[in-house]
Amino acid sequence: MNISVQDVSSIMVLTGAGISAESGVPTFRGEDGLWRQYRAEELATPRAFYRDPKLVWEWYDWRRGLIGGCQPNQAHRTLVEIEARFEDFVLVTQNVDGLHSLAGSRKIVELHGNIWRMRCTQMCRPSWEDRSAVLRALPPRCPSCGEMARPDVVWFGEVLPGEAIETADTAARRCQLMLVIGTSALVQPAASIPLLALQSGATVVEFNPQPTPLSDHVDITVREPAAESLPRWWARWLVES
Ligand code: BJW
């Protein structure tokens, strides 16, 4: 690293499914990824949901059960340590699994929602958390108005939560260092966030065993699984600083 810990006052992290891979959560586009077994357009779009809500809920129920048995790994935990070290820190995640929060991260921005929350399709009340690994009745109902509930996640064709994307854009323009961990950088608008940081002069480090469309643009690429490489990178950076 050409900058020391002391020289960095503002740090941003962008994570994707790869950071949770070593916890046992399937990625979307990897070899064993979810999109290899299921067609995204049949499950992760509003159209799919309104065509067959029970099928879509069964898929989310299955994933909730799977994620419910997973624990944060060393990469999630290292981000908690990094957060404790920097006053100006923000962790922007595309993940819906809630593992950053379980690990103890505090300043989290969830771009694509959270699988443990649901919301009323009639929007009669704010979203609510339901951590039941298996839901009793599918599709579940809104406890206030009795209409159908949906997962509080962002599907293809849906707009990301305004505050989340604004916070992420502002942090990207302001940060001096950005860590991009475990994302294929294929899904917009999240994939463009590191480009904002690069345009603003930040140093960007990518942690991913595979190349991505970002790889040629970033300052450093670490081509290893994050649960091994992130703790090692962080320890080395502290020592070198
Ligand atoms: C490891 C590892 C280890 C493995 N360690 N790494 C501009 C151009 C073209 C299209 C669009 C555009 N703007 C918008 C679009 C349309 C669309 C889009 O981007 N499509 C592209 C696919 C072409 N975007 C949208 O629709 C978004 N909405 C939007 O922009 O609204 C305005 C608008 C709408 C329509 C038109 C124009 C504008 C919404 C996107 C919502 C994404 N939702 C999902 C599902 C969430 C709910 C759920 O979980 O069910 O979010 S899709 C899925 O992809 C999920 C993820 O968050 C997201 C990103 O995936 P991620 O995290 O990168 O995972 P993978 O699997 O792709 O990659 C894992 C990586 O980890 C790999 O690289 C591995 O190598 C690596 N890895 N092991 C480190 N141990």
query: Given springs between every Cα pair under 10 Å in a Gaussian network model of the chain, which of Val90, Val25, Val159 has the largest fluctuation?
result: Val159
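By how many nm would the segment from Arg131 to Asp88 grow when fully extended, if each residue of separation counts as 0.36 nm and the alpha-carbon distance is taken off? Please report the intermediate quantities before stating the final value.
Values: separation 43, 0.36 × 43 = 15.48 nm, distance 3.06 nm.
Length gained between Arg131 and Asp88: 12.4 nm.
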Cα centroid of segment 75-109 to Cα centroid of segment 207-233, whole Å: 18
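What part of the accessible area of segment 159-241, given as a whole %, is carbon or sulfur when the probe is 1.4 angstrom? Please list the in-between numbers first.
Numbers: 2040 of 3940 Å².
Answer for segment 159-241: carbon and sulfur cover 52 percent of the accessible area.
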- request: Take the chain, connect every pair of alpha-carbon atoms lying under 10 Å apart with a spring to form a Gaussian network, then pick out the residue of Pro151, Pro72, Pro161 with the largest mean-square fluctuation.
  value: Pro161
message: Out of the chymotrypsin sites (Phe, Trp or Tyr not before Pro) in segment 5-114, which ones are loop residues according to DSSP with at most 14 other C-beta atoms within 10 Å?
response: Tyr38
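How about segment 137-167: which GluC sites (Glu not before Pro) there lie in a loop by DSSP and see at most 14 other Cβ atoms within 10 Å?
Values: sites: Glu147, Glu158, Glu163, Glu166; in loops: Glu147, Glu158.
Sparse-neighbourhood loop GluC sites (Glu not before Pro): Glu147, Glu158.
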- prompt: Carbon and sulfur together cover what percent of the accessible area of segment 96-149 at a 1.4 Å probe radius?
  reply: 47
- prompt: So how exposed is Thr212, as accessible area in Å² (1.4 Å probe, rounded to 10)?
  reply: 20
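Counting only trypsin sites (Lys or Arg not before Pro) that are in a DSSP loop and have at most 11 other C-beta atoms within 10 Å, tell me the longest site-free stretch of the chain. All intermediate terms of the calculation are to be shown ahead of the outcome.
Values: sites that count: Arg39, Arg106, Arg131, Arg136.
The reported range is 137-241.
Can you work out the accessible area per residue across segment 113-201, with the rest of the protein chains kept in place, probe 1.4 Å, in square angstrom? Display every interim value, and only then the final one.
Values: 4420 Å² over 89 residues.
Accessible area per residue: 50 Å².
Which shape class, rounded, prolate or oblate, goes with segment 134-241 when its Cα gyration tensor gives a ≥ b ≥ c as root eigenvalues, a/c under 1.5 marks rounded, and past that a/b bigger than b/c marks prolate?
Values: a/c = 2.54, a/b = 1.91, b/c = 1.33.
It comes out prolate by the Cα gyration axes.
Sum -39500 (n - 2.57) across every DSSP H segment of at least 4 residues in the chain, then divide by the residue count to get the 222 nm mean residue ellipticity, nearest 500. Walk me through the intermediate numbers first.
Numbers: 9 runs with 82 residues, N = 241.
Roughly -9500 deg cm²/dmol at 222 nm, from the helical runs in the chain.
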message: When a/c reaches 1.5 or more, the comparison of a/b and b/c decides; with that in mind, is the chain rounded, prolate or oblate per its Cα gyration tensor?
response: prolate
- prompt: Which FRET efficiency value, to the nearest 0.05, do you get for Leu186 and Glu163 by plugging their Cβ-Cβ distance into 1/(1 + (r/R0)^6) with R0 = 22 Å?
  reply: 0.35
Accessible carbon and sulfur surface of segment 14-85 relative to its total accessible area, %, 1.4 Å: 49
Relative contact order %, segment 1-67, counting alpha carbon pairs below 8 Å whose residues are six or more apart: 17
- request: With +1 on each Lys and Arg Cβ and -1 on each Asp and Glu Cβ, and nothing else charged, work out how big the dipole of segment 78-130 is about its Cα centre, in Debye to the nearest 20.
  value: 220
query: Going through segment 1-105, which GluC sites (Glu not before Pro) have at most 15 other Cβ atoms within 10 Å and a DSSP loop state?
result: Glu31, Glu87
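The values are calculated or read from the model by the stated rules, or taken from the named source; none is laboratory data. For clarity, every value in this text was computed on a predicted model and none was experimentally measured. Note that each Cβ is placed from the backbone with ideal geometry, even for glycine, and that neighbours are counted across all protein chains shown. Ligands, DNA and RNA are excluded from the accessible area calculation, which covers all protein heavy atoms including side chains. Shrake-Rupley method; radii C 1.70, N 1.55, O 1.52, S 1.80 Å.
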